[in-house]
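Worksheet: the structure to be examined is printed underneath.
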Amino acid sequence: MNAVVEIKHPGALAHTQNAGRMAVAEIIQHVAMVQEVMRAVMKKDVHFGIIPGTDKPTLYKPGAEVLCMAFRIACTYEIEDLSNADCVRYRVTCTGTHQTTGTILGAGMGEASSGEEKYKWRKAYQEEFDSTPVNMRRVKKGKYTTMQVRTEQADLANTVLKMANKRAHMAMVLSVTAASDCFAQDLEDMDDALRDHLTRHGEEPATQQQGPATLPAYTDEAFAKNLPIWRGMIETGKKTAEQIIAMVSTKATLTAEQIAMISATVVPETIEAE
């Protein structure tokens, strides 16, 4: 005997393991969550910062850790030692795994070595500079003249390893959370002179272009007023939840909860059960 079965479409918070792709509403909700965490939890100059000459915030290590906590990402590290007699060098792969399901979400790779400019040399006083072999010392001229000597490789091993881990971790977080729209990577740990060169593009500093203005949050009062109207449009087939979310998101920022409430609207559908 045939029976009428009602199928409920899952909301944006539902994760379908067998789905071939993410629904548009899920993608929008994911991006909205990153923005919500950035706005509500992260602090400028602590979790992220703006570097002159760039148009996006740079994610710092504390900010990456907040995103890992928000998305329940556990990190594991695979370290490859590429050191030789002249240089300490590590290549690290950081893998992100969902803490609850154990699903591997993605990975990022980072590398660091004592041959990098900021690790290769250190400031020295006159007596130390004079007693150092000529091939192990230099005078760096710039805004200030600085006497420098080569660093000891063994003293840098732990620092270089930590930097490689950090770079791999940042790459993994940006990849897994798809947060690259909000953050730029690698600028934080660049040498000041190199960073200045890259932002200048070989010319005088250009006037920093301001990014698009942040949209205001969608107020609870306005949302409560319009939600029944949107649900009616979804239930009658005039618009889909994804279309409404996309439309509203051009005018104001929806929270993850608001997106979930729109997406949770049930669209009746009948099928014949055997």
Open item on the list: Taking 18 Å as the cut-off for C-alpha to C-alpha distance, list the pairs among 44/251; 43/118; 225/251 that go past it.
Closed with: 44/251; 43/118
Task: Cα centroid of the range 65-98 to Cα centroid of the range 102-133, whole Å - done: 17 Å
Task: Straight-distance crosslink candidates among lysines, where the alpha carbon sits under 24 Å from residue 120 and sequence neighbours closer than 8 are dropped - done: 61, 140, 141, 143, 162, 166
Task: Amide proton proximity set for residue 60, modelled H, under 5 Å, gap of 5+ - done: 48, 49
Open item on the list: Per 0.36 nm of contour for each residue apart, how much would the distance between residue 78 and residue 101 grow if the chain were fully extended, relative to their Cα-Cα spacing?
Closed with: 6.2 nm
Open item on the list: Starting from 0.36 nm per residue, how many nanometres of slack lie between residue 120 and residue 227 once their C-alpha separation is accounted for?
Closed with: 32.5 nm
Open item on the list: If R₀ is 45 angstrom, what is the calculated FRET efficiency for the pair residue 162 and residue 238, using the beta carbon separation as r and rounding to 0.05?
Closed with: 0.20
- [ ] May I ask you to order 159-172, 34-47 by the average number of other C-beta atoms within 10 Å around their residues, highest value first?
- [x] 159-172, 34-47
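Each reported figure results from applying straightforward, stated rules to the coordinates on display, with no laboratory input. Note that the structure is predicted; figures quoted are calculated from it, not measured. Don't worry about glycine lacking a Cβ; one is built from the backbone with ideal geometry, like all the others, and counts go over all protein chains shown.
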